[in-house]
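Worksheet for the structure shown next.
The values are calculated or read from the model by the stated rules, or taken from the named source; none is laboratory data. Computed from a prediction, not measured in an experiment: that's the story for all the values here. Using ideal geometry, Cβ is built from the backbone for each residue, glycine included, and neighbour counts are taken over all protein chains shown.
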Amino acid sequence: MKEINWKQIEEWDKKYILRTFSTQDEYQPIPIESTEGDYLIKPDGTRLLDCFNQLYCVNVGQRNETINNAIKEALDRYGFLQDAYATDYKSKAAKLIIEDVLGNEAWPGKVRFVSTGSEAVETALMIARLYKNRPLVVTREYAYHGWTKGSASVTRIKGVKGGMAETNPNARPQQIPGQDSGIVAVAPAPNCMRCSLGHKYGSCHDENGELACVKYTRRMIENQGPEQVAAIITEITQGAGSVHPPDEYIPQIRKMTKELDILWIADEVLTGFGRTGEWFAYQHYGVEPDIVTMAKGISSSAIPAGAVVVNKEIAKFMDEYRWETVSTYSGHPIAMAAVCANIEYIINENLVEKAKEAGQYIQQKFLELKAKHRSIGHAAGYGVLWLVELVKDDKMTPFVEIDRNFTHGADAHTFPVEIIKEKALEKGVLMGGSMPNTMRIGTSLNVSREDIDKAMDALDYALSHLESRVFQES
Ligand code: 6DF
């Protein structure tokens, strides 16, 4: 390994790079010398088990040899070709997604490749509005769909909309003027732990069994005029917003979209490619979307890539027009080589099934932890994507009252997820969450049982510390 002057690296980092989520004075670089599987390796050789899986995006693990070899082989043939040209890599990536991954479903039509999840969401919103020739899109509270203008307009987490938060906890962030384009309507999130409509799960169904949050969404669209609404965009389980829906929510949303004749965009950027124990999370619910957005796990982030898959009817419509759009790196041959190798690796190693089995093991471990720790109000998830709601009493009261409407002006050190992150790090485990009271835990699909145990032991240790700090004070 070549000698690296990490002191110099940190100096340049602080001096020349614009930071996010920290003021310049607050910012401390975290040097990582290399990565391997589920681990980050610091310059001093310390190995950190990464239970963020970076941003829940390294599905087959870091530096996968199969993907790396495919990239090296592609580099022997290509530098770069723009989307107008055909390559074996791009065609094969499309075929793998439509035929090998989704081949047993009737809906998939065609795919467009882009470079990031935000780009995939922008493209999906564009297609939905073009196809329906309607302006409005419905999103939900606590949604995260990206940082670009269109994707940020359907992102509803206040603290991640590009605003500038002051260090004064009481200051409101300076949001980007004109950010929200006004053609977005916001429906309630299926946040049963803290229902925005004030209901209690189990007594919130109407006479037809429809959930109150779905009924509210339906009424909202009917009042808006379904003829104005192109689509509703949903994550299946909200990643950054950390809300896991009751089982009936997604099927009821799908039924509603069909009854109101609006499209359903399933944003699978974070949940796709096996993360939840199915190829795509919507498959847990026996439904078929109209449009699916993909990124992160599509290449396991070896090289950035994203995609949008549209149903057959939309594909037929698009084929009849000259679609006037371009993205420089769409179908980048080296990225497409990584996508092909990643998908084939997931297939050949049966990683979707392995993620499902890992999820069953993780669920059992959470049941054991919940029996021991009163601060675990709720653990939910599947595959290798889980959330843990941290509470300070049996009324499920959050430690940080503002909860998901927090912004980064707040003093993060008071957040339970930050307290746990600090203590878990003592055990060599990186874990935390993007919401103050909610852990968001994810690993690679092929995480070992030993590493799951290591993560759970670290969480056990950290929860004991949190509870000793908080419950004694109260
Ligand atoms: N859609 C979904 N997630 C996403 C993301 C995007 C689109 C962010 C980075 C995240 C996730 C969990 C915790 C904290 O970043 P991008 O443009 O490639 O993708 C946008 C459902 O989760 C990104 C942050």
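Data for the structure
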item: Subset tally (residues that are farther than 17 Å from Q179 by Cβ, within 11 Å of the ligand (Cβ to nearest atom) and of a type in the set (S, T, N, Q)) for segment 105-157; result: 2
item: Cβ pairs under 7 Å, 6+ apart, first in segment 246-275 and without any contact (Cβ under 8 Å) to a residue 24 or more places away in the chain, second surrounded by fewer than 21 Cβ atoms within 10 Å (Cβ to Cβ) and part of a helix (DSSP H, G or I); result: none
item: Some residue of segment 169-186 being among the charged types (D, E, K, R) and either within 16 Å of the ligand (Cβ to nearest atom) or in a strand (DSSP E or B) (or both); result: no
item: Any hit, segment 272-282, residues being within 15 Å of the ligand (Cβ to nearest atom) and assigned to a strand (DSSP E or B); result: no
item: Conditions (1) among the hydroxyl-bearing types (S, T, Y); (2) closer than 30 Å to F406 by Cα; (3) in contact with a helix residue (DSSP H, G or I) (Cβ under 6 Å, 6 or more places away or on another chain): number failed by T116; result: (3)
item: Residue match in segment 72-81 (condition: farther than 30 Å from D13 by Cα, more than 16 Å from the ligand (Cβ to nearest atom), outside any helix (DSSP H, G or I) and without any contact (Cβ under 8 Å) to a residue 12 or more places away in the chain); result: yes
item: Yes/no for A84 being away from the ligand (no atom under 16 Å from the Cβ), exposed (fewer than 14 other Cβ atoms within 10 Å of the Cβ) and not charged (D, E, K, R); result: yes
item: Given (1) small (G, A, S); (2) farther than 22 Å from F317 by Cα; (3) touching a Leu at 6+ places or on another chain (Cβ under 8 Å), index of the condition G241 fails; result: (3)
item: Count of residues meeting criterion [under 22 Å from I221 (Cβ atoms) and either not assigned by TED's automatic domain parsing to the domain that holds I176 or not aliphatic (A, V, I, L, M) (or both)] in segment 123-162; result: 17
